[in-house]
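Remarks on the structure that follows.
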């Protein structure tokens, strides 16, 4: 049995992350639908956050203050 991290939307419409022990990703999906009654499943992965369906931003913008002028720098 492996631990699968399931990103899904629950009954109330809120995003949820479940940790389900199963033999395969398909079995983890079935358990999420049957036991937890989720609406939709976005992602099933082995590690927490190892596979993502969106682009990850590595650097966030920061504010540099030069001569009392605020400058936003995107890196």
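Bear in mind these aren't lab numbers, they're just calculated from the coordinates by the rules spelled out. Values in this document were obtained by computation on a predicted structure and should not be read as measured data. As a convention, Cβ positions derive from the backbone with ideal geometry for all residues, glycine included, and neighbour counts pool all protein chains shown.
List of remarks:
- Note on residue 41 and residue 15: their simple-model spin labels are 1.9 nm apart, each label 7 Å out from Cα toward Cβ.
- Mean Cα-pair separation over length for the range 1-47, i.e. relative contact order, pairs under 8 Å, 6 or more apart, %: 50
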